[in-house]
Amino acid sequence: MNDPKKLAGRFPGDFLFGVATASFQIEGATKEDGRKPSIWDAFSNMPGRVYGRQNGDVACDHYHRWEQDLDLIKDMGVSAYRFSIAWPRIIPDGTGRINEQGLDFYDKLIDGLKDRGIKAYATLYHWDLPLTLMGEGGWTARSTAYAFQRYAKVVMSRLGDRLDAVATFNEPWCSVWLSHLYGIHAPGEKNMDAALHALHYTNLAHGLGIDAIRQVAPNVPAGLVLNAHSVVAGSDSKADKAAAERAFQFNNGVFFGPVFKGEYPDNFMKALGGRMPPIEDGDLEVISQKLDWWGLNYYTPMRVAHNPAKGAEFPAVVDAPPVSTVKTDIGWEVYAPALGSLVKDLYDRYDLPDCYITENGACYNMGLENGEVDDQPRLDYYAEHLGVVADLISDGVPMKGYFAWSLMDNFEWAEGYKMRFGLVYVDYDTQERILKKSGKWYQTLAGEFPKGNHASS
Ligand code: FCB
């Protein structure tokens, strides 16, 4: 169903429609007002890491154009904006001196949102770790978790009075496995021992961050954003099904388990627990404090088969072929049913609070033609996935909101500026922003909310 008004009719009146971004991907101004480098500055300046050796120095120049960007969000008719705060602007060395100018930027940004009647959903960590902390080992060091706790406290003391919600981390799967085991994201490590340390210390930092938020801003709903993987077995064979369960625990269970059950998965601990850093008394209690909400970022399913290779390391799986032939320009399979089955599976396995889809969207790189961007496949992707979210609501799952990734084209990490996810097209030469066809469609949909029948204030 692609008619945005009809689709809108399938959502409750107080359902939240928003758009999302992240600091490093849009801000630029990496050397301004006291900001120091993050691990992503170092990583992207190293040849061979990011497509075309591109970096975040300018990005969408949002640091200078934020007012215009907030006007754009307002014009799009959405009621919420999900953005992230750059730790290296706030505490440039990760520990030590606080940089008031960094806080000033987000202070203005949040006031700008309030002035425009847009809700502010902040993420404290969307991957831009202050580079100085690498001197201690970055996320592989326990001290980084405590540095994060202090950073969370500093941010929430200054900004917490105006935030509508806060998340500690965005996608720890990426900052743990993709960054420390697969080497694709900063700091580019490829080492299971490092990754296992990053895993526990990230989980710990989340828990300590929740502590900090509750101490200084107890009224702000606190959550965590996870890119849970919809793991699908490549066949019905016993071996592939067992492989899928192992992959579930490795990709999801190591985050959901500690946070929502207070324990790491058994099969994972049997295989790799001996290489984890010491889990100290009280760690799992801190990590498993009750959350007010959680965010799901979903793009594509993960299909796996058993890896028969001798000595294959847990979870011992290989990729299985896609089922759908439809792929986005970044090569990700389009398969909306996996979103529905994933959410249901997660609610069956864990005691989860309210859910927001904090990211969902598609990469299509078509450009401007006669002043317009005709990105029909992106529009179709949104319509199909939102249809699944509406089905989940009808089935009684507490889905409260949806943030499109992304407001605008931006720095897509290791893929640089080549891969475009925006509802708004960015001309990087002129920094002009142009609403795409999908953006106009989303505007019509979002414009229907809140409907006022049971709208929250
Ligand atoms: C997610 C990230 C986000 C963006 C999208 C495409 O993994 O959270 O920053 O890059 O993918």
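Of the residues His62, Val373, Ile213, the one whose Cα sits farthest toward the positive end of the charge dipole of the chain, with +1 on the Cβ of Lys and Arg and -1 on the Cβ of Asp and Glu, is Ile213. Of all DSSP bridge pairs formed entirely within the chain, close to 20 percent run antiparallel.
Of the residues Ala446, Asn297, Gly274, the one whose Cα sits farthest towards the positive end of the charge dipole of the chain is Gly274 (charges of +1 on Lys and Arg Cβ, -1 on Asp and Glu Cβ, taken about the Cα centre).
The calculated FRET efficiency for the pair Asp395 and Asp71, based on their C-beta separation and a Förster distance of 35 Å, comes to about 0.40. The residues neighbouring Thr358, those whose beta-carbon lies less than 10 Å from its own, together hold a net charge of -1 under the Lys/Arg +1, Asp/Glu -1 convention. In the structure shown, do any of Lys6/Lys451; Lys74/Lys451; Lys119/Lys437 have a Cα-Cα gap over 19 Å, and if so which? Violating the 19 Å limit, Cα to Cα: Lys119/Lys437.
Within the shell of other residues whose beta carbon sits under 9 angstrom from the beta carbon of Arg162, the net charge comes to -3, with Lys and Arg scored +1 and Asp and Glu -1.
Cross-linked pairs Lys238/Lys310; Lys153/Lys400; Lys238/Lys344: Cα-Cα separations exceed 25 Å for Lys153/Lys400.
Bridgeable aspartates and glutamates around Lys261 (alpha carbons under 14 Å apart, same-chain partners fewer than 8 residues away excluded): Asp283, Glu285, Asp348, Asp351. Computed from backbone phi, the HN-Hα couplings of the range 435-442 come to 5, 7, 4, 4, x, 5, 5, 5 Hz, rounded to whole numbers (Karplus: 6.51 cos²θ - 1.76 cosθ + 1.60, θ = phi - 60°; Gly and Pro given as x).
How large is the translational diffusion coefficient of the chain in µm² per second when you combine the Kirkwood radius over alpha carbon pairs with Stokes-Einstein at 20 °C and 1.002 mPa s? Answer from the Stokes-Einstein relation: 96 µm²/s. Extension gain for Lys327 to Ala312 (0.36 nm times residue separation, less C-alpha to C-alpha distance): 2.5 nm. Computed extension gain for Asn365 through Glu280, at 0.36 nm per residue and net of the alpha carbon distance, reaches 25.9 nm. Extension gain for Glu372 to Thr444 (0.36 nm times residue separation, less C-alpha to C-alpha distance): 24.2 nm.
Expressed as a whole percent, the accessible surface of the chain that belongs to carbon and sulfur atoms is 48, based on a 1.4 Å probe.
Under the convention that each Lys and Arg Cβ holds +1 and each Asp and Glu Cβ holds -1, the size of the dipole of the range 34-112 around its Cα centre is about 380 debye. Backbone geometry of the range 358-366 corresponds, through the Karplus equation with coefficients 6.51, -1.76 and 1.60 at θ = phi - 60°, to 3J(HN,Hα) couplings of 8, 8, 6, x, 9, 8, 9, 9, 4 Hz, x marking Gly and Pro. For the pair the range 379-457 / the range 298-359, the C-alpha centres are spaced 21 Å from each other. For the chain, a simple Cβ point-charge model (Lys and Arg +1, Asp and Glu -1, everything else neutral) yields a dipole of about 400 debye relative to the Cα centre.
With a cap of 15 neighbouring Cβ atoms within 10 Å, and only residues DSSP puts in a loop, list the GluC sites (Glu not before Pro) found in the range 312-406.
On the way: sites: Glu313, Glu333, Glu359, Glu369, Glu372, Glu384; in loops: Glu313.
Hits after loop and neighbour filter: Glu313.
Enter the accessible area per residue of the range 221-326 (Å², integer; probe 1.4 Å; all protein chains in place). Could the numbers behind the result be given before it?
Details: 4730 Å² over 106 residues.
Averaged over the residues of the range 221-326, the accessible area is 45 Å².
In order along the range 124-129, the phi-based Karplus estimate (6.51 cos²θ - 1.76 cosθ + 1.60, θ = phi - 60°) of 3J(HN,Hα) comes to 7, 9, 10, 5, 8, 5 Hz; Gly and Pro are listed as x.
The values are calculated or read from the model by the stated rules, or taken from the named source; none is laboratory data. A quick note: this is a predicted structure, and the numbers were derived from the prediction, not measured. A quick note on method: Cβ atoms are made from the backbone with ideal geometry, for glycine too, and the neighbour counts reach across all protein chains shown. Surface accessibility is based on the protein's heavy atoms, side chains included, excluding ligands, DNA and RNA. Shrake-Rupley method; radii C 1.70, N 1.55, O 1.52, S 1.80 Å.
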